[in-house]
Ligand SMILES: [Zn+2]
């Protein structure tokens, strides 16, 4: 098991008073994403987002991912950590009009567009790519936090993430909130 995975899972070093990060139920670590979702080792593409956010629609995903290191690893391997659907890819191509449900995340449609453009229509995300975030710790809602200071998640884990993925190209996604 990757120590990067375990180190991220247990991490609660970020400043919760500034950003409102919350611990997972019965866990030390904050509700967050693994440093890598997709390929388990090196990959051609590394997508870098800013921060995963929780809503009533996806909060169960975070709780189940944080419930154990195994579940966290399931999500890192791009599978839903939900008991009973652990064979369903998390970052995946969606059917037009697909109902919003656990793990259905329209944000990743743009990632899959890139995968489709570079490879084939049915290429799986984890075949060639990894998704990470500058802040792995999640916040509630979209854009309700101004990330103006340096990310401790990135300071602790981004170099290790990059060294694991060894991407040929990095694609950054998102923008800081304008004030
Ligand atoms: Zn953090």
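Values in this text are rule-based calculations from the coordinates and carry no lab data. If you're wondering where the values come from, they're calculated on a predicted model, not measured in any experiment. Every residue, glycine as well, gets a Cβ built from its backbone with ideal geometry; the counts of neighbours run over all protein chains shown.
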Zone reached by a paramagnetic label modelled 7 Å from residue 168 Cα along Cα→Cβ, restricted to the range 92-115 with backbone N below 11 Å, covers none
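Taking only DSSP H segments of four or more residues, each worth -39500 (n - 2.57), what value at 222 nm results for the chain once the sum is divided by all its residues, to the nearest 500 deg cm²/dmol? All intermediate terms of the calculation are to be shown ahead of the outcome.
Working: 7 runs with 55 residues, N = 179.
Per the formula, -8000 deg cm²/dmol.
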Between the modelled labels at residue 70 and residue 109 (7 Å from Cα along Cα→Cβ) the distance in nm is 3.6 nm
GNM of the chain, Cα pairs under 10 angstrom: of 151, 87, 138, the biggest fluctuation goes to 87
